[in-house]
Amino acid sequence: MRILVINGPNLNMLGIREPDIYGKNTYADLCALIENYAKEKNAEIKIFQSNHEGSIVDEIQAAFGNFDGIVINPAAYTHTSVAILDALKSVAIPAVEIHISDVSKREDFRQISYAGMACEKSFIGLGFDGYLRGIDYLLNK
Ligand code: DQA
């Protein structure tokens, strides 16, 4: 199985950004965790990070025919981006949504998830482990 992991804006700042919310582990730690897990599970993984909405849309479109599942943490674009929602619907690749923090217990503006509307499952507030649970979900489908 070929899985595309997409991380939205500021997730490359993990370890530096708001450690009380996102923890002290770095983005490199997250990538290593995901890559090692994928190897263990014999899954092919590509990890993509961008701070740009259009680049994320481009990456989702390019996944068509090339990936069997998408694990996406759209970060702030979760709560604003109809374009990412439409891209996920366009390719219709099974997708799961991840949030490191428990967005349900945070600000009102974080209570809507556009991307989540195109995802089969959401793993929220589980820290980095959410990504692994998302991969498991896609592998067990
Ligand atoms: C996040 C939650 C979003 O609300 C926030 O904008 C992020 C990270 C998370 O993983 O908890 O950048 O997606």
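If the condition is being buried (at least 20 other Cβ atoms within 10 Å of the Cβ) and within 15 Å of the ligand (Cβ to nearest atom), then region 116-127 contributes Gly116, Cys119, Phe123.
Quick check, is Gly130 within 16 Å of the ligand (Cβ to nearest atom) and closer than 19 Å to Tyr22 by Cα?
Values: within 16 Å of the ligand (Cβ to nearest atom): yes; closer than 19 Å to Tyr22 by Cα: yes.
Judged against the criteria, Gly130 is a match.
In region 1-27, the residues that are under 28 Å from Asn140 (Cα atoms) form Cβ pairs under 7 Å with partners that are assigned to a strand (DSSP E or B) and within 13 Å of the ligand (Cβ to nearest atom), at six or more places apart or across chains, as follows: Ile3/Val71; Val5/Val71; Ile6/Ile72; Asn7/Gln49; Asn7/Asn73; Gly8/Asn73; Leu11/Gln49; Leu11/Asn73.
Taking Ala75 as the residue in question, decide whether it is in contact with a helix residue (DSSP H, G or I) (Cβ under 8 Å, 6 or more places away or on another chain), touching a residue at least 60 places away in the same chain (Cβ under 8 Å) and at positive phi. Answer is yes for this residue.
The numbers here are math on the coordinates, done by the rules we state, and not lab data. All values reported here derive from a predicted model rather than from experimental measurement. Cβ coordinates were reconstructed from backbone atoms using ideal geometry, including for glycine residues, and neighbour counts include every protein chain displayed.
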